[in-house]
Structures are given as structure tokens and as C-alpha cells.
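**Q** First, the structure itself, so that you have it in front of you.
The values are calculated or read from the model by the stated rules, or taken from the named source; none is laboratory data. On a predicted model such as this, the values are computed, not experimentally measured, just so you know. Neighbour counts run over all protein chains shown; Cβ positions are idealised from the backbone, glycine included. For the accessible areas, the whole protein counts, side chains as well, though only heavy atoms, and no ligand, DNA or RNA atoms are used. Shrake-Rupley method; radii C 1.70, N 1.55, O 1.52, S 1.80 Å.
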Amino acid sequence: DAGVIQSPRHEVTEMGQEVTLRCKPISGHNSLFWYRQTMMRGLELLIYFNNNVPIDDSGMPEDRFSAKMPNASFSTLKIQPSEPRDSAVYFCASRWDTADTQYFGPGTRLTVL
Amino acid sequence: AQKVTQAQTEISVVEKEDVTLDCVYETRDTTYYLFWYKQPPSGELVFLIRRNSFDEQNEISGRYSWNFQKSTSSFNFTITASQVVDSAVYFCALSEQNTDKLIFGTGTRLQVFP
């Protein structure tokens, strides 16, 4: 089975531009998570979905960040407008059921100039 | 509140040495789950093990072994006869029953020198 798929793997953009990160969870998994990893703050949970419904977005830094999950096999994380402090590695993870193991995608390394 | 502490920020060893990575957790739940993930230099997060709070048996997988002790709230990870390919950042994580959140420690960077 394919693992969690993320695209793009690397993104370099200029401040003020819109950035869209994409994630395809493992087929059959009911939960999807978006994390951000930085040197300063480590791994932070941004938002997660159960059965395509956003459950907790308290980790989303501010209104510039938004996430959607239009169906069970696709999710996006959008930053508009992007800022240099958004530079980080963004991970998507999926899980079959509560307390089950979360499997991570390869991550998207975002650089905002 | 949930908390995971990995007090060792960085460990350096020479190949073939054994090394133990410490993990101490805090939780008020009686049912919880503990995890270890590996993050090699390539950046991905690789799942290594999941252990539930009712299973205190130690586990061994090849050169990897895990020691779970509820009495000390610890879930330590030992690599026997370390190899250069073991060089990575290792994260310990905790999830409580009926919660969707995975709480990570700050990670331990392991460097294995030839």
C-alpha cells in the first residue's frame, strides 16, 4: 500500500504569495493531521480531521492558515499571504482510528523569502 | 496534562556501541499509548513502535529494544551495536485514550560515528 503522499516536496515562494500544500492519506484511514516542524517549536499539531470534518484547529497560527478536506482522499493546507516565519517543514499524517498509529508523509519543506 | 520529556538533546557514539534513549511521560489517564518515531537526515518521520499502557512487556526487534516501566513513567529505547545508519533524531510520543492528539517530546539527536 502506498503511504501518505504529500506534494510538493519543496516549495520556495516570496512573502505575500499564496501557498497550497497537498496531502493524500493512506486509503481507509479516517483521520488526517497537519503538523508543522521548526527548530524553535519542534513538532506542532496545526489541525486534524475525522471523517473529513475538522475537529480541532486550535493549533492553526492565525487566519492566514486554512485547511480543507473535501473528500476522504485529499486535503489541502493553504497559507495566504505567506510570511518568512512560515518557513518550516509541514507534515501530513493519517490514522485508521482513535489512538491508532499515525503514519506520516515525507513532508513539504516550505521556504518563504 | 500530557507531557513527554526527552532529556537527552544529543548523543554521540562510535559504531558498535550500545545506546539508550530516554523517554519520560506524564499522563493522568490509565489507558494511553506510547510511540517512538525516527527522523533520519532525509527528513521523513518513520514509525518504530506503539505500546499500550496495559502491556509492560519489553519488546525486541532486531537491534532495537524498548523498556516500558509504568512505575517510573518511562519508555526507553535501546539500540544494540549501533550503526552509522542509526544516525537520526528519535522522537517519543504519547496519546491518551479517546484523544486524537499525539504529544511529542523534543527529540534526541543520535550521531553514530564510524
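**Q** Within region A:72-82, how many residues are buried (at least 17 other Cβ atoms within 10 Å of the Cβ) and aromatic (F, W, Y)?
**A** Qualifying residue count for the region: 0.
**Q** Let me ask something additional. Scan A:V53, A:V112 and give me the residue that is out of contact with any Phe, Trp or Tyr (no Cβ under 9 Å at 6 or more places or on another chain) and either open to solvent by 50 Å² or more (accessible area, probe 1.4 Å) or on the phi > 0 side of the Ramachandran plot (or both).
**A** A:V53
**Q** A:R41 versus (1) under 29 Å from B:Y33 (Cβ atoms); (2) among the basic types (K, R); (3) at pLDDT 95 or above: which is the lone unmet condition?
**A** Result: A:R41 passes all but (3).
**Q** Another question, then. Being within 18 Å of B:Y37 (Cβ to Cβ) and of a type in the set (S, T, N, Q) narrows it down to one of B:S71, B:S87, B:S53, so name that one.
**A** Only one candidate qualifies: B:S87.
**Q** Taking the condition in contact with a strand residue (DSSP E or B) (Cβ under 8 Å, 6 or more places away or on another chain) and free of Cβ contacts under 8 Å to residues at least 12 places away in the same chain, does B:D100 pass? Before you say what the answer is, go through the steps one by one.
**A** On the way: in contact with a strand residue (DSSP E or B) (Cβ under 8 Å, 6 or more places away or on another chain): yes; free of Cβ contacts under 8 Å to residues at least 12 places away in the same chain: yes.
Taking the combined requirement at face value, the residue satisfies it.
**Q** Filter the strands (runs of 3 or more DSSP E) completely within region B:29-114 down to those with at least 1 residues that are exposed (fewer than 15 other Cβ atoms within 10 Å of the Cβ).
**A** B:46-52, B:59-61, B:64-69, B:108-113
**Q** Go through (1) aliphatic (A, V, I, L, M); (2) on the phi < 0 side of the Ramachandran plot; (3) outside any strand (DSSP E or B); (4) within 12 Å of another protein chain (Cβ to nearest Cβ) one by one and return the number of the condition A:M15 breaks.
**A** The single condition A:M15 does not satisfy is (4).
**Q** Within region B:49-71, can one find any residue that is over 13 Å from B:T20 (Cα atoms) and among the aliphatic types (A, V, I, L, M)?
**A** Yes.
**Q** Of all residues in region B:6-18, how many are surrounded by 14 or more Cβ atoms within 10 Å (Cβ to Cβ) and in contact with an Asp or Glu (Cβ under 8 Å, 6 or more places away or on another chain)?
**A** Of the residues in that region, 2 qualify.
**Q** Looking for something farther than 24 Å from A:G3 by Cβ, among the aliphatic types (A, V, I, L, M) and modelled with pLDDT of 95 or more - is there at least one such residue anywhere in region B:40-52?
**A** no
**Q** Looking at (1) open to solvent by less than 90 Å² (accessible area, probe 1.4 Å); (2) more than 26 Å from B:T106 (Cα to Cα); (3) modelled with pLDDT of 95 or more, which is the one condition that is false for A:A2?
**A** In the conditions (1) open to solvent by less than 90 Å² (accessible area, probe 1.4 Å); (2) more than 26 Å from B:T106 (Cα to Cα); (3) modelled with pLDDT of 95 or more, A:A2 misses (3) alone.
**Q** Mind checking which strands (runs of 3 or more DSSP E) fall wholly inside region A:43-113 and carry at least 1 residues that are in contact (Cβ under 8 Å) with a residue 40 or more places away in the chain?
**A** A:74-79, A:88-95, A:108-112
Yes/no matrix, rows are residues, columns are (1) within 26 Å of B:P40 (Cβ to Cβ); (2) crowded, with 17+ Cβ neighbours inside 10 Å; (3) more than 12 Å from every other protein chain (Cβ to nearest Cβ); (4) in contact with a Gly (Cβ under 9 Å, 6 or more places away or on another chain):
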position: A:F33; (1), (2), (3), (4): yes, yes, no, no
position: A:K68; (1), (2), (3), (4): no, no, yes, no
position: A:P84; (1), (2), (3), (4): no, no, yes, no
position: A:D97; (1), (2), (3), (4): no, no, no, no
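**Q** Sort out which residues of region B:13-32 are modelled with pLDDT of 95 or more and closer than 19 Å to B:D100 by Cα, and write them in order of number.
**A** B:Y25, B:E26
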